[in-house]
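Working notes for the structure below.
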Amino acid sequence: MELYEQVGRKFVAGIYTCDLKGFIWTEAFEFILRSYDQLHIEKDKVHLVWTENGGQLRHKLSNDILLLSVLKLTLPKYTGKALVLYRGECQFLYDQNKIGFCWTPLQTVAEMFGSGLNAIESGGVLLKAYAPESAILSSPNKHSTEQMEEFEYTCDPTALLNIEAIQFFNKF
């Protein structure tokens, strides 16, 4: 079995291998898309992997279209209503229109990311958006609500509406 297939099979089982190059993740995610109907997806476990490692995985993969395609297949489906959500984004990603996937209904949580972790390289920005049901891929999992208290909704950033920058933060 090729390395990319091993990585893809581990990912859908909820196992994240952090010390891999981006091209392996690209091949693994392409394998998941090709083989989806033959794989047993542990959606709750994949969700935990995404919640804990999504930023690093997105950076390594460097392909939001491929990432979105896989997340749509591997995360537990959202069944709620439309929401107003917030995100603390990196200024440079916002400037490049590369809005992230993880959003929260708690403005204070988004402010924490926008003024902290996501402000390190270039400053940060607090975003507010309307998320129709179809834009929300998955609800917060137990780790996000009980341990991290971030209440992270995974969204398709291309399907969010009325995204507005409501506050900017200096470089951290």
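Observations on the model:
- Top-ranked residue in segment 1-19 [being of a type outside the set (Val, Ile, Thr) and modelled with pLDDT under 95; ranked as farthest from Glu52 (Cα to Cα)]: Met1
Yes or no, residue by residue, for (1) in the same structural domain as Trp50 (by TED's automatic domain parsing); (2) under 21 Å from Thr51 (Cβ atoms); (3) without any contact (Cβ under 8 Å) to a residue 12 or more places away in the chain:
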| residue | (1), (2), (3) |
| --- | --- |
| Leu66 | yes, yes, no |
| Gly88 | no, yes, no |
| Phe92 | no, no, no |
| Val109 | no, yes, no |
| Pro132 | no, no, no |
| Leu137 | no, yes, no |
| Pro140 | no, yes, no |
| Ser144 | no, yes, no |
| Ala165 | no, no, no |
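- Of all residues making up segment 48-59, the number that are crowded, with 17+ Cβ neighbours inside 10 Å, of a type outside the set (S, T, N, Q) and more than 15 Å from Lys10 (Cβ to Cβ): 2
- Boolean, Lys128 is farther than 24 Å from Glu164 by Cβ, crowded, with 17+ Cβ neighbours inside 10 Å and in contact with a Phe, Trp or Tyr (Cβ under 6 Å, 6 or more places away or on another chain): no
- Of the helices (runs of 4 or more DSSP H) that lie entirely inside segment 1-115, those containing 2 or more residues that are β-branched (Val, Ile, Thr) span 3-12, 22-35, 43-61, 64-74, 107-115.
The values are calculated or read from the model by the stated rules, or taken from the named source; none is laboratory data. Computed from a predicted structure; not experimentally measured. We place every Cβ from the backbone using ideal geometry, glycine too, and count neighbours over all the protein chains shown.
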